[in-house]
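This report concerns only the one structure given below.
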Amino acid sequence: MPLTSEQQAEIDDLRSTTQPTLRAVAPGAEKHLYTAHPVLDHGFVRMVDYMGDDAAICQAARVSYGKGTKSVQNDEGLIRYLMRHWHSTPFEMCEIKLHVKLPVFVARQWIRHRTANVNEYSARYSILDREFYIPAPDALAAQSVVNNQGRGEALSGDEAQRVLRYLTDDAMRCYDHYEEMISQDGQQGLARELARMNLPANIYTQWYWKVDLHNLLHFLRLRADAHAQYEIRVYADAICSIVRDWVPFAYSAFEDYRLGGATLSATALACIQRMLKGEEVTQENSGMSKGEWREFMGVLE
Ligand SMILES: Cc1cc2nc3c(=O)[nH]c(=O)nc-3n(C[C@H](O)[C@H](O)[C@H](O)COP(=O)(O)OP(=O)(O)OC[C@H]3O[C@@H](n4cnc5c(N)ncnc54)[C@H](O)[C@@H]3O)c2cc1C
């Protein structure tokens, strides 16, 4: 169950009341406001608040460019220009605050993005719920043979059954002991801040995460990428859907120049120039290592 009944009641209450405002309102964001989008087996992402819209990005850019922006005819063109030329500060005028429920091992990757404000559920003060991420069968994959940092085909048969049983049984056993250790029924009860060390990294935590659009797009560029770990990528994908509706021009420029685009080294660019002249370029005469060449071919294909 991704949302508790208390959280659902809070969402229903917040969505049932409206306030008149003079602030910029992004219609695409309003439909997501407070709505929890399910992710993985018990997680979710929900937008708690936002500031700004596509127009706010242009408004800031027009302060820095002044009359120069007159050459750009519309907001979409201006936003594409800013994205193309890495003029990033106007994107920092927009902010988003998300409530995220996620497994601890995903949180550990996520927290590396330092340019955000985070407030996490306190397992010193509160008791963690008995909720653990157990991969769906198609996500229960073997170690990749080509990439040390990736996964290959899904496990099958007895091995898949055994791994799933270990994951579930170990989680339940650890939680049983956690509950028993903190219990004050007939004993002193171990401090929650200590008892939590017994819990595995697939237990769920929750946090509020606030970030500006520039840094959020950087996060999405890395984590919505096909090479990102599946369990963080599904959160990034859910956030992409929200951002697409919130700031459609900015998201479409991001999709074009960053998510779908590629950065080439000077060596790679020289190879393309030679190919365009009809020369046969191979890894051996490219000046690239095997790994670089493989990635270069991946971009071209
Ligand atoms: C595929 C992949 C594999 C990874 N593997 C590992 C791993 O094995 N081990 C590991 O520890 N991490 C790993 N990471 C995490 C990675 O090294 C970054 O910490 C993470 O992606 C956050 O990126 P960031 O620093 O650009 O983001 P943010 O922290 O949001 O920072 C955004 C930008 O602000 C600037 N900035 C922020 N803080 C500083 C600072 N203190 N000094 C200078 N500039 C700063 C930088 O320009 C930075 O790019 C991996 C990430 C990816 C995507």
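Some points to look at:
- Qualifying residue in the stretch 194-203 (condition: more than 16 Å from the ligand (Cβ to nearest atom), polar (S, T, N, Q) and touching a helix residue (DSSP H, G or I) at 6+ places or on another chain (Cβ under 8 Å)): yes
- Criterion: more than 17 Å from Arg244 (Cα to Cα) and in contact with a helix residue (DSSP H, G or I) (Cβ under 9 Å, 6 or more places away or on another chain) - qualifying residue of Pro2, Pro20, Pro38, Pro27: Pro38
- Residue in the stretch 147-160 that is more than 30 Å from the chain's Cα centre (by Cα), free of Cβ contacts under 8 Å to residues at least 40 places away in the same chain, outside the structural domain of Val104 (by TED's automatic domain parsing) and surrounded by 10 or more Cβ atoms within 10 Å (Cβ to Cβ) present: yes
- In the stretch 126-148, the residues that are of a type outside the set (Gly, Ala, Ser) and closer than 27 Å to Phe44 by Cβ: Ile127, Leu128, Asp129, Arg130, Glu131, Phe132, Tyr133, Ile134, Pro135, Pro137, Asp138, Leu140
- Tabulated pairs, the stretch 195-218, first closer than 30 Å to Thr89 by Cα, second assigned to a loop (DSSP other than H, G, I, E, B) and modelled with pLDDT under 95, C-beta under 9 angstrom, 6+ apart or interchain: Gln206/Tyr121; Trp207/Tyr121
- Of the strands (runs of 3 or more DSSP E) lying entirely inside the stretch 141-231, those containing at least 2 residues that are over 21 Å from Lys101 (Cα atoms) span 141-143, 151-154.
- Candidates Glu295, Glu231: the one that is surrounded by fewer than 17 Cβ atoms within 10 Å (Cβ to Cβ), charged (D, E, K, R) and more than 30 Å from Asp54 (Cβ to Cβ) is Glu295.
- Taking the criterion of being closer than 27 Å to Tyr81 by Cα and of a type in the set (Gly, Ala, Ser), the residues of the stretch 252-297 that qualify are Ser252, Ala253, Gly260, Gly261, Ala262, Ser265, Ala266, Ala268, Ala270.
- Taking the stretch 83-133 as the range and being among the aliphatic types (A, V, I, L, M), closer than 27 Å to Leu194 by Cβ and either within 15 Å of the ligand (Cβ to nearest atom) or not in a loop (DSSP other than H, G, I, E, B) (or both) as the test, the residues that pass are Val100, Leu102, Val104, Val106, Ala107, Ile111, Val118.
- Single match in Tyr204, Tyr208 (criterion: aromatic (Phe, Trp, Tyr) and surrounded by fewer than 17 Cβ atoms within 10 Å (Cβ to Cβ)): Tyr208
- Just one residue in the set Ala139, Ala123 is among the small types (Gly, Ala, Ser) and farther than 18 Å from Tyr208 by Cβ; that residue is Ala139.
- Unmet criterion (only one of (1) away from the ligand (no atom under 16 Å from the Cβ); (2) among the small types (Gly, Ala, Ser); (3) at pLDDT 95 or above; (4) under 19 Å from the mean Cα position of the chain (by Cα)) for Ala171: (4)
The values are calculated or read from the model by the stated rules, or taken from the named source; none is laboratory data. Owing to the predicted nature of the structure, the values given are computational and were not obtained by experimental measurement. Note: ideal-geometry Cβ built from the backbone for every residue, glycine included; neighbour counts use all protein chains shown.
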